[in-house]
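Colleague: Got a structure here, written out as C-alpha coordinates. Questions coming.
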(Lines give C-alpha, C1' and ligand atoms only; values in the text may rest on other atoms or scores of the structure.)
Protein backbone atom coordinates (compact mmCIF):
# COMPACT_ATOMS: atom_id res chain seq x y z
CA UNK A 1 0.00 0.00 0.00
CA UNK A 2 1.37 3.38 -1.01
CA UNK A 3 2.27 5.75 1.83
CA UNK A 4 1.39 9.40 1.27
CA UNK A 5 2.91 12.47 2.89
CA UNK A 6 0.08 14.35 4.59
CA UNK A 7 -0.42 18.04 3.80
CA UNK A 8 -2.43 20.73 5.58
CA UNK A 9 -3.38 23.94 3.74
CA UNK A 10 -4.08 26.98 5.91
CA UNK A 11 -5.69 29.55 3.62
CA UNK A 12 -8.77 31.78 3.98
CA UNK A 13 -9.31 32.29 0.25
CA UNK A 14 -11.10 29.20 -1.06
CA UNK A 15 -10.11 29.78 -4.69
CA UNK A 16 -6.45 30.09 -3.71
CA UNK A 17 -6.66 26.99 -1.49
CA UNK A 18 -8.24 24.89 -4.26
CA UNK A 19 -5.68 26.07 -6.80
CA UNK A 20 -2.79 25.28 -4.45
CA UNK A 21 -4.18 21.80 -3.74
CA UNK A 22 -4.50 21.13 -7.47
CA UNK A 23 -0.88 22.16 -8.09
CA UNK A 24 0.45 20.09 -5.19
CA UNK A 25 -1.18 16.90 -6.50
CA UNK A 26 -0.01 17.60 -10.06
CA UNK A 27 3.59 18.15 -8.99
CA UNK A 28 3.91 15.37 -6.43
CA UNK A 29 1.33 12.54 -6.40
CA UNK A 30 3.04 11.29 -3.25
CA UNK A 31 1.50 14.19 -1.32
CA UNK A 32 -2.09 14.09 -0.12
CA UNK A 33 -3.97 17.13 1.18
CA UNK A 34 -5.84 15.81 4.20
CA UNK A 35 -7.01 19.10 5.68
CA UNK A 36 -7.85 22.71 4.88
CA UNK A 37 -8.42 25.41 7.50
CA UNK A 38 -9.09 29.12 7.10
CA UNK A 39 -8.61 30.69 10.55
CA UNK A 40 -6.12 30.60 13.40
CA UNK A 41 -8.76 29.04 15.67
CA UNK A 42 -9.64 26.26 13.21
CA UNK A 43 -5.96 25.53 12.53
CA UNK A 44 -5.12 25.18 16.22
CA UNK A 45 -8.08 22.83 16.69
CA UNK A 46 -7.01 20.77 13.66
CA UNK A 47 -3.38 20.49 14.81
CA UNK A 48 -4.46 19.43 18.29
CA UNK A 49 -6.16 16.34 16.85
CA UNK A 50 -4.29 15.62 13.59
CA UNK A 51 -0.74 15.35 12.31
CA UNK A 52 0.67 16.66 9.04
CA UNK A 53 4.01 16.12 7.33
CA UNK A 54 3.93 19.52 5.61
CA UNK A 55 1.90 22.69 6.11
CA UNK A 56 1.21 25.49 3.63
CA UNK A 57 0.21 28.54 5.64
CA UNK A 58 -1.07 31.93 4.50
CA UNK A 59 0.42 34.69 6.64
CA UNK A 60 -2.72 36.83 6.98
CA UNK A 61 -5.83 34.86 7.94
CA UNK A 62 -9.39 36.02 8.49
CA UNK A 63 -9.16 36.21 12.28
CA UNK A 64 -5.50 36.99 12.92
CA UNK A 65 -1.96 36.75 11.59
CA UNK A 66 -1.00 33.08 11.29
CA UNK A 67 2.14 33.41 13.43
CA UNK A 68 -0.09 33.41 16.51
CA UNK A 69 -0.74 29.72 15.80
CA UNK A 70 2.76 28.92 17.08
CA UNK A 71 1.91 30.45 20.46
CA UNK A 72 -1.11 28.19 20.83
CA UNK A 73 0.04 24.79 19.59
CA UNK A 74 3.30 22.93 19.03
CA UNK A 75 3.89 22.86 15.27
CA UNK A 76 6.29 20.03 14.45
CA UNK A 77 5.83 19.84 10.67
CA UNK A 78 7.78 21.99 8.20
CA UNK A 79 5.84 25.09 7.14
CA UNK A 80 5.90 26.83 3.77
CA UNK A 81 4.35 30.27 4.15
CA UNK A 82 2.37 31.92 1.37
CA UNK A 83 1.85 35.65 1.02
CA UNK A 84 0.66 38.19 -1.54
CA UNK A 85 3.10 40.80 -0.25
CA UNK A 86 6.77 40.78 -1.26
CA UNK A 87 7.59 42.52 2.01
CA UNK A 88 11.23 43.18 2.84
CA UNK A 89 10.85 41.19 6.09
CA UNK A 90 9.43 38.15 4.32
CA UNK A 91 12.62 37.90 2.28
CA UNK A 92 14.49 37.28 5.54
CA UNK A 93 12.56 34.06 6.19
CA UNK A 94 14.95 31.83 4.27
CA UNK A 95 17.89 33.20 6.26
CA UNK A 96 16.23 31.53 9.24
CA UNK A 97 15.53 28.30 7.35
CA UNK A 98 11.90 29.24 6.78
CA UNK A 99 10.42 28.81 3.31
CA UNK A 100 7.79 30.97 1.60
CA UNK A 101 6.01 31.43 -1.72
CA UNK A 102 4.58 34.59 -3.23
CA UNK A 103 1.00 34.67 -4.49
CA UNK A 104 -0.22 34.01 -7.07
CA UNK A 105 1.58 30.69 -6.63
CA UNK A 106 3.87 29.86 -9.54
CA UNK A 107 3.97 26.14 -10.38
CA UNK A 108 7.75 26.08 -10.90
CA UNK A 109 8.41 27.90 -7.62
CA UNK A 110 6.09 25.49 -5.83
CA UNK A 111 7.96 22.56 -7.37
CA UNK A 112 11.25 24.03 -6.10
CA UNK A 113 9.77 24.44 -2.61
CA UNK A 114 8.56 20.84 -2.59
CA UNK A 115 12.00 19.68 -3.70
CA UNK A 116 13.53 21.55 -0.76
CA UNK A 117 10.99 19.86 1.53
CA UNK A 118 11.86 16.40 0.19
CA UNK A 119 15.58 17.00 0.73
CA UNK A 120 15.27 18.54 4.20
CA UNK A 121 17.86 17.32 6.71
CA UNK A 122 17.64 20.11 9.27
CA UNK A 123 16.65 20.40 12.89
CA UNK A 124 13.24 21.69 13.83
CA UNK A 125 12.82 25.31 12.77
CA UNK A 126 12.36 27.88 15.52
CA UNK A 127 9.27 29.69 14.27
CA UNK A 128 9.44 32.11 17.18
CA UNK A 129 12.12 33.81 15.08
CA UNK A 130 9.29 35.05 12.87
CA UNK A 131 8.29 37.59 15.47
CA UNK A 132 11.83 38.92 15.53
CA UNK A 133 11.98 39.12 11.73
CA UNK A 134 8.71 40.99 11.49
CA UNK A 135 9.36 43.58 14.16
CA UNK A 136 8.40 46.95 12.67
CA UNK A 137 11.34 48.72 11.12
CA UNK A 138 11.25 52.42 10.39
CA UNK A 139 10.93 52.95 6.66
CA UNK A 140 10.25 56.03 4.60
CA UNK A 141 7.98 55.89 1.56
CA UNK A 142 7.80 58.07 -1.51
CA UNK A 143 6.37 61.47 -0.54
CA UNK A 144 6.14 63.31 -3.87
CA UNK A 145 6.56 62.98 -7.63
CA UNK A 146 8.18 65.47 -9.98
CA UNK A 147 6.18 65.52 -13.22
CA UNK A 148 6.19 67.66 -16.32
CA UNK A 149 3.25 69.81 -17.41
CA UNK A 150 4.09 71.44 -20.71
CA UNK A 151 7.37 73.22 -20.10
CA UNK A 152 6.86 73.36 -16.33
CA UNK A 153 7.88 70.87 -13.66
CA UNK A 154 5.22 70.16 -11.04
CA UNK A 155 5.61 68.42 -7.67
CA UNK A 156 2.65 66.16 -6.86
CA UNK A 157 2.38 65.00 -3.26
CA UNK A 158 1.77 61.27 -2.78
CA UNK A 159 -1.30 62.08 -0.67
CA UNK A 160 -2.77 63.93 -3.69
CA UNK A 161 -2.43 60.94 -6.04
CA UNK A 162 -5.64 59.09 -6.95
CA UNK A 163 -4.10 56.29 -8.98
CA UNK A 164 -1.45 55.19 -11.45
CA UNK A 165 -2.28 53.19 -14.55
CA UNK A 166 -0.39 51.68 -17.46
CA UNK A 167 -1.50 52.07 -21.05
CA UNK A 168 0.49 51.07 -24.13
CA UNK A 169 3.65 50.68 -22.02
CA UNK A 170 3.27 54.23 -20.65
CA UNK A 171 2.51 54.87 -16.97
CA UNK A 172 0.25 57.76 -15.98
CA UNK A 173 -0.28 59.46 -12.63
CA UNK A 174 -3.77 60.87 -12.05
CA UNK A 175 -4.29 63.27 -9.17
CA UNK A 176 -7.40 63.55 -7.00
CA UNK A 177 -8.09 66.79 -8.90
CA UNK A 178 -8.32 64.82 -12.14
CA UNK A 179 -5.04 65.93 -13.71
CA UNK A 180 -2.96 63.27 -15.48
CA UNK A 181 0.77 63.19 -16.04
CA UNK A 182 3.19 60.76 -17.66
CA UNK A 183 5.58 59.33 -15.10
CA UNK A 184 8.88 57.63 -15.86
CA UNK A 185 8.49 54.65 -13.54
CA UNK A 186 7.00 51.19 -13.82
CA UNK A 187 4.04 50.10 -11.71
CA UNK A 188 6.27 47.47 -10.10
CA UNK A 189 8.73 50.14 -8.97
CA UNK A 190 5.94 52.42 -7.77
CA UNK A 191 4.35 49.60 -5.79
CA UNK A 192 7.54 49.10 -3.78
CA UNK A 193 8.06 52.86 -3.27
CA UNK A 194 4.59 53.71 -1.94
CA UNK A 195 3.07 53.25 1.50
CA UNK A 196 1.19 49.90 1.33
CA UNK A 197 -1.36 51.11 3.86
CA UNK A 198 -2.51 53.77 1.36
CA UNK A 199 -1.83 52.26 -2.07
CA UNK A 200 -2.78 48.88 -3.54
CA UNK A 201 -2.07 47.20 -6.89
CA UNK A 202 -5.47 45.83 -7.94
CA UNK A 203 -4.28 44.26 -11.21
CA UNK A 204 -1.45 44.46 -13.74
CA UNK A 205 -2.72 47.80 -15.02
CA UNK A 206 -3.78 49.86 -11.98
CA UNK A 207 -2.19 50.92 -8.69
CA UNK A 208 -4.58 53.05 -6.66
CA UNK A 209 -4.92 55.12 -3.52
CA UNK A 210 -7.59 54.18 -1.01
CA UNK A 211 -8.87 57.76 -1.37
CA UNK A 212 -9.77 57.17 -5.03
CA UNK A 213 -12.37 54.47 -4.35
CA UNK A 214 -15.88 55.87 -4.81
CA UNK A 215 -17.92 52.64 -4.95
CA UNK A 216 -17.36 48.88 -4.91
CA UNK A 217 -19.47 46.12 -6.43
CA UNK A 218 -19.32 42.33 -6.17
CA UNK A 219 -18.23 40.86 -9.49
CA UNK A 220 -17.87 37.40 -11.02
CA UNK A 221 -15.35 34.84 -9.69
CA UNK A 222 -15.14 36.60 -6.28
CA UNK A 223 -13.70 39.70 -7.92
CA UNK A 224 -14.53 43.30 -7.05
CA UNK A 225 -15.46 46.01 -9.56
CA UNK A 226 -14.55 49.55 -8.55
CA UNK A 227 -15.78 53.00 -9.45
CA UNK A 228 -12.99 55.49 -9.00
CA UNK A 229 -12.78 59.22 -8.47
CA UNK A 230 -11.74 60.77 -10.74
CA UNK A 231 -13.51 58.39 -13.18
CA UNK A 232 -11.47 56.27 -15.58
CA UNK A 233 -12.26 55.33 -19.18
CA UNK A 234 -11.85 51.58 -18.60
CA UNK A 235 -13.27 49.00 -16.18
CA UNK A 236 -11.35 48.79 -12.92
CA UNK A 237 -11.68 45.22 -11.65
CA UNK A 238 -9.62 43.68 -8.88
CA UNK A 239 -8.08 40.52 -10.32
CA UNK A 240 -8.92 37.08 -8.90
CA UNK A 241 -5.50 36.57 -7.30
CA UNK A 242 -5.57 40.01 -5.64
CA UNK A 243 -9.20 40.17 -4.46
CA UNK A 244 -8.56 38.48 -1.11
CA UNK A 245 -5.60 40.71 -0.35
CA UNK A 246 -7.58 43.76 -1.46
CA UNK A 247 -10.39 43.02 1.01
CA UNK A 248 -7.88 42.56 3.83
CA UNK A 249 -6.17 45.81 2.84
CA UNK A 250 -9.47 47.69 3.08
CA UNK A 251 -10.07 46.29 6.56
CA UNK A 252 -6.75 47.34 8.06
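Colleague: Considering the stretch 1-14 alone, what residues qualify as being buried (at least 19 other Cβ atoms within 10 Å of the Cβ) and either at pLDDT 95 or above or in a helix (DSSP H, G or I) (or both)?
Modeller: 7, 8, 9, 10 - these are the residues of the stretch 1-14 that are buried (at least 19 other Cβ atoms within 10 Å of the Cβ) and either at pLDDT 95 or above or in a helix (DSSP H, G or I) (or both).
Colleague: I would also like to ask the following. In this structure, does residue 17 turn out to be in the same structural domain as residue 68 (by TED's automatic domain parsing) and surrounded by 16 or more Cβ atoms within 10 Å (Cβ to Cβ)? Lay out the reasoning, then the answer.
Modeller: Details: in the same structural domain as residue 68 (by TED's automatic domain parsing): yes; surrounded by 16 or more Cβ atoms within 10 Å (Cβ to Cβ): yes.
In short, yes.
Colleague: Determine, yes or no, whether residue 156 is within 16 Å of residue 232 (Cα to Cα), in contact with a strand residue (DSSP E or B) (Cβ under 8 Å, 6 or more places away or on another chain) and part of a strand (DSSP E or B). Can you show your working first?
Modeller: Details: within 16 Å of residue 232 (Cα to Cα): no; in contact with a strand residue (DSSP E or B) (Cβ under 8 Å, 6 or more places away or on another chain): yes; part of a strand (DSSP E or B): yes.
Taking the combined requirement at face value, the residue does not satisfy it.
Colleague: Could I ask something else about it? Tell me which residues, restricted to the stretch 176-198, are in a strand (DSSP E or B) and in contact (Cβ under 8 Å) with a residue 40 or more places away in the chain.
Modeller: none
Colleague: Only residues that are at pLDDT below 85 and either touching a strand residue (DSSP E or B) at 6+ places or on another chain (Cβ under 9 Å) or in a loop (DSSP other than H, G, I, E, B) (or both): list them for the stretch 133-148, please. Outline the logic, then answer.
Modeller: Taking the stretch 133-148 and keeping what is at pLDDT below 85, we get 133-141.
Residues satisfying the conditions are 134, 135, 136, 137, 138, 139, 140, 141.
Colleague: Within the stretch 48-73, take every residue that is farther than 24 Å from residue 242 by Cα and out of contact with any helix residue (DSSP H, G or I) (no Cβ under 8 Å at 6 or more places or on another chain) and give me the one that is surrounded by the fewest Cβ atoms within 10 Å (Cβ to Cβ).
Modeller: Ranking the candidates gives 49 first.
The values are calculated or read from the model by the stated rules, or taken from the named source; none is laboratory data. Not measured: the values here are computed from a predicted model. All Cβ positions, even for glycine, are placed from backbone atoms using ideal geometry, and neighbour counts span all protein chains on display.
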